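Below: the structure, in structure tokens.
The values are calculated or read from the model by the stated rules, or taken from the named source; none is laboratory data. Since the structure is predicted, the reported quantities are computational estimates derived from the model, not experimental observations. In this analysis, Cβ positions are derived from the backbone assuming ideal geometry, glycine residues included, and neighbour counts consider all displayed protein chains. The protein model used for the area step is the full one, side chains on, heavy atoms only, and it has no ligands, DNA or RNA in it. Shrake-Rupley method; radii C 1.70, N 1.55, O 1.52, S 1.80 Å.
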Amino acid sequence: MKHLRLLWPLCAMLLDLGLAYVVYFVARMAFYIENHALYSDIAWSHFAELLRGGVVFDTTAILYTNALWVLLVLLPVPVRPSAVYSRVCRALFVGVNVVALTAGLCDAVYFRYSMRRTTTTIFQEFQHEGNLGGIFLTEALSHWYFFLLAALVGWALWRLYREPNGQADERRRWLFPTVRMVTLLAFVPFCVAGMRGGWTRDIRPITISNANNYCDHPTEAALVLNTPFALIRTIGKNNFEVVAYYSSREELERVYDPVHRPVPSHPFRKKNVVVIIIESFGREYIGAYNRHLASQGYQGFTPFTDSLIERGGALTFRYSYCNGRKSIDGMPSILSGIPMFVEPFFLSPYSVNDVSGLADCLGQKGYQTAFFHGAERGSMGFMAFARATKFQHYYGREDYAADPRTGGDSDFDGWWGISDEPFMQYFCQKMSDMHEPFMTALFTLSSHHPFRVPDPYKDVFREENPQMPIYKVIRYTDMALQHFFAAARRQPWYANTIFAITSDHTNQSNFDAYRSDLGGFASPVIFVDPSGQMGSGMRDAIAQQTDIMPTLLGHLGYDRPYLSFGVDLLATPADSTWAVNYLEGTYQYVKHGYVLQFDGQETRAVYSLSDSLMRHNLVGRVPQQQQMERELKAIIQQYMERMTENRLVTGK
């Protein structure tokens with residue numbers, strides 16, 4: 001029994017952390033009650049799912065805010081802490097969690113104005129306001145009950161707090177600090193996991209956008225989140241600064257307006273739409289784009305994709321680019337027409353903004369929509385994005401494993417998820433289960449670090465260049481794509497389907513032209529229309545990921561307004577097509593045969609597209625420079641204003 005006292009600090013600490021969870025639950029319920037009108041139609045079963053998600057975000061916030069207190073109560077001191085030390089620990093615990101509660105209660109009131117959890121942007125939004133004191137006092141008087149609630153919770157915390165002070169054994173003075181040290185070291189991994197949001201191999205800790213994993217509507221994300229988490233996760237992350245290049249909205253929209261108001265020339269075509277996003281599938285690896293590099297010893301790695309472009313009736317574009325350099329950049333660009341500026345949209349404080357996309361637009365036309373990714377549900381934040389953009393269904397590794405038609409987890413690649421070949425076959429099977437018309441999106445995963453080919457193909461796709469291990473997995477994924485099309489051609493829906501193929505971003509590069517500022521964004525944009533209505537061949541136009549949505553909608557004859565920072569490539573003259581991306585503080589704008597680099601204040605460089613190595617700066621010597629600057633400034637201002645004002649959908 002004497003030795004059991006040594007475990008008391010850990011037991012007491014866990015009991016006290018349990019009280020912190022109660023505090024966050026109280027804050028969430030107060031938020032829900034205060035804003036009940038916005039959530040009155042939520043079913044109890046779904047509300048339980050939101051609460052379950054809330055525990056994940058509460059865990060992260062609790063461990064961050066109470067980290068110092070945990071360290072103090074588990075500090076391996078050799079003697080029983082003094083009464084003063086104990087009171088300091090108690091005051092710290094109560095104070096930190098009452099502040100967290102107060103932040104949540106303030107947000108319950110402020111939410112109706114902002115429609116999202118408060119982030120660090122609030123300090124920038126109101127830094128020049130001089131009447132905040134009066135506004136706060138008015139709201140405080142009308143919400144006096146929140147002050148009473150905070151006081152009652154603070155009093156309860158003080159009374160219910162368990163003192164984590166173990167009694168040292170005078171005969172074994174070494175044992176007390178040793179046990180505390182072991183306990184502290186054992187608790188650290190659990191703290192790290194809790195702060196990250198779990199033990200998964202996801203490459204980044206959970207952020208605000210992950211709240212959409214549990215939500216049916218963006219507004220519900222506020223119920224999953226808590227204010228301390230939103231503040232912590234956005235410290236130093238808000239880089240979306242509204243710039244005023246144009247003084248009036250009218251002038252701004254005359255130069256550039258991302259709202260498309262289509263007037264179709266034909267009735268709506270109820271064709272199926274399939275978007276295939278291939279991990280790291282840069283233009284450098286695709287032979288059809290690089291015949292001009294044959295003299296440099298170029299060898300392509302995509303025989304099937306080459307056949308699609310050169311003999312299979314595909315339509316593509318010689319100068320095509322991605323809008324970002326990460327998977328999380330590509331998703332909004334391809335499926336919602338929102339490029340990456342400064343930081344990934346879905347990792348920013350504005351990730352819970354209202355957002356539309358292909359799934360939403362076509363869902364309104366009666367399409368069945370589904371997103372497919374072979375990793376675990378929630379990996380990379382894809383499920384959150386899919387739900388936010390109104391995909392009706394999401395299929396991941398768990399769904400694949402549960403389908404008796406598949407090989408189950410035996411097809412797991414041991415790292416990311418289900419290998420591309422079997423998952424693409426599953427993708428094809430699931431589309432045959434769907435009613436037409438349907439819209440689906442597939443995100444592959446095999447052509448990703450650590451670049452492992454599935455065991456059955458290790459002797460087929462061998463390591464040819466140790467410096468470029470991606471080559472073998474690109475060849476494998478190209479084969480998987482070939483097998484997918486072979487299976488799709490046997491399906492009754494194939495002839496009535498449009499396929500769009502692109503990559504999320506580029507990857508390893510072996511040629512200087514693809515290592516340049518612009519070459520690092522060289523991704524394919526390919527359309528395959530078995531009916532031949534879209535046309536075929538390689539056009540000398542400029543294309544980007546954000547063009548995929550308006551091009552598909554334009555071809556279908558979509559007749560409703562929508563927002564996209566791209567153009568309909570089929571209806572836009574080649575000399576009016578353009579692309580934009582952001583690289584380490586510099587915006588790159590491609591148009592009229594040039595790429596302009598702009599740092600937000602001035603143009604730093606202009607290069608000819610024919611100058612693939614970007615060696616000859618033509619700034620000040622290109623007649624189109626001034627017009628390109630005006631257009632790029634308008635694009636940036638539209639993006640920043642709409643992002644910060646939650647106007648990423650039409651009608652706002």
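To the nearest 10, the accessible area of LYS326 is 100 Å² with a 1.4 Å probe. Among GLU310, GLU421, the sequence by solvent-accessible area, most first, with a 1.4 Å probe is GLU310, GLU421. Heavy-atom accessible area, probed at 1.4 angstrom with all protein chains present, ranks SER295, SER531 as SER295, SER531, highest first. Summarising the amide proton neighbourhood of HIS393: residues at separation of 5 or more, or on other chains, whose placed amide H is nearer than 5 Å comprise THR369, ALA370, PHE371.
Grab the DSSP H runs of the chain that are 4 residues or longer, score each as -39,500 (n - 2.57), total them, divide by all residues and round the 222 nm result to the nearest 500 deg cm²/dmol. Mean residue ellipticity at 222 nm (helix-derived): -12500 deg cm²/dmol. Counting only alpha carbon atoms, the long axis of helix 327-336 and the longest principal axis of the chain meet at about 60°. Based on every Cα atom in region 482-564, Rg and the maximum pairwise Cα distance Dmax equal 15.6, 44 Å. Compared with the dominant principal axis of the Cα atoms in the chain, helix 625-644 is inclined by about 40°. If you fit an axis through the alpha-carbon atoms of helix 132-142 and take the longest principal axis of the Cα set of the chain, what angle between them do you get, 0 to 90°, nearest 10? Helix 132-142 sits at roughly 60 degrees to that axis.
Report the net charge of residues surrounding ARG162, where surrounding means a beta-carbon distance below 10 angstrom and charges are Lys +1, Arg +1, Asp -1, Glu -1. Before the final figure, lay out the partial values.
Values: positive: ARG90; negative: ASP16, GLU163.
My count for the surroundings of ARG162 gives -1.
Ligands, DNA and RNA excluded, the heavy atoms of TYR246 present near 20 Å² of accessible surface to a 1.4 Å solvent probe. Per-residue surface analysis assigns ASP512 an accessible area of about 90 Å², computed on protein heavy atoms at 1.4 Å probe radius.
Of the beta bridges DSSP finds with both residues in the chain, what % are antiparallel, to the nearest 5?
Details: 28 of 55 bridges.
Here the share of antiparallel DSSP bridges comes out near 50 percent.
The C-alpha atoms of region 313-456 occupy a region whose extents along the principal axes are 40, 38, 37 Å, arranged from largest to smallest. Solvent exposure of the chain amounts to 42 Å² per residue of accessible area, where only protein heavy atoms count and the probe is 1.4 Å. When the solvent-accessible area of region 206-304 is split by element, carbon and sulfur atoms take up 50 percent of it, the probe being 1.4 Å. Taking every alpha-carbon pair in region 411-492 and binning the separations at 5 Å intervals from zero gives 3, 15, 24, 23, 15, 10, 6, 3, 1, 0 percent. Placing unit charges on each Cβ (+1 for Lys and Arg, -1 for Asp and Glu) gives region 449-581 a dipole about its Cα centre, and among PHE511, THR572, ALA500 the Cα reaching farthest toward its positive end belongs to ALA500.
Each 20 Å bin from zero holds the following percent of Cα-Cα pairs in the chain: 17, 45, 29, 8, 0. The listed residues ARG87, ARG318, ARG621, once ranked by accessible area (1.4 Å probe) with the largest placed first, stand as ARG621, ARG87, ARG318. Expressed as a whole percent, the accessible area of region 467-527 that falls on carbon and sulfur atoms is 43 (1.4 Å probe).
Across region 370-439, Cα-Cα pairs more than 20 Å apart make up 27 percent of the total. When the Cα positions of SER608, MET640, PRO623 are compared along the charge dipole of region 507-652, MET640 comes out farthest toward the positive end, with charges on each C-beta of Lys, Arg, Asp and Glu. Largest first and in whole Å, the equivalent-ellipsoid semi-axes of region 323-367 read 21, 12, 6, each the square root of five times a Cα gyration tensor eigenvalue.
Checked against a 23 Å cut-off, the cross-linked pairs LYS365/LYS430; LYS591/LYS633; LYS326/LYS365; LYS326/LYS472; LYS472/LYS591 give Cα-Cα distances beyond that limit for LYS326/LYS365; LYS472/LYS591.
Quick one: dipole size for the chain, taken about the Cα centre, charges +1 on Lys/Arg Cβ and -1 on Asp/Glu Cβ, in debye to the nearest 20.
Details: 59 positive and 61 negative charges, 301 e Å.
So the dipole magnitude of the chain works out to roughly 1440 debye.
In summary, the aspartates and glutamates within cross-link reach of LYS390, defined as a Cα separation below 13 angstrom excluding same-chain residues under 8 places away, comprise ASP216, ASP354, ASP360. Under a 5 Å amide H cut-off, with hydrogens placed 1.01 Å from N, ARG539 pairs with THR316, PHE317, ARG318 among residues at least 5 apart or on other chains.
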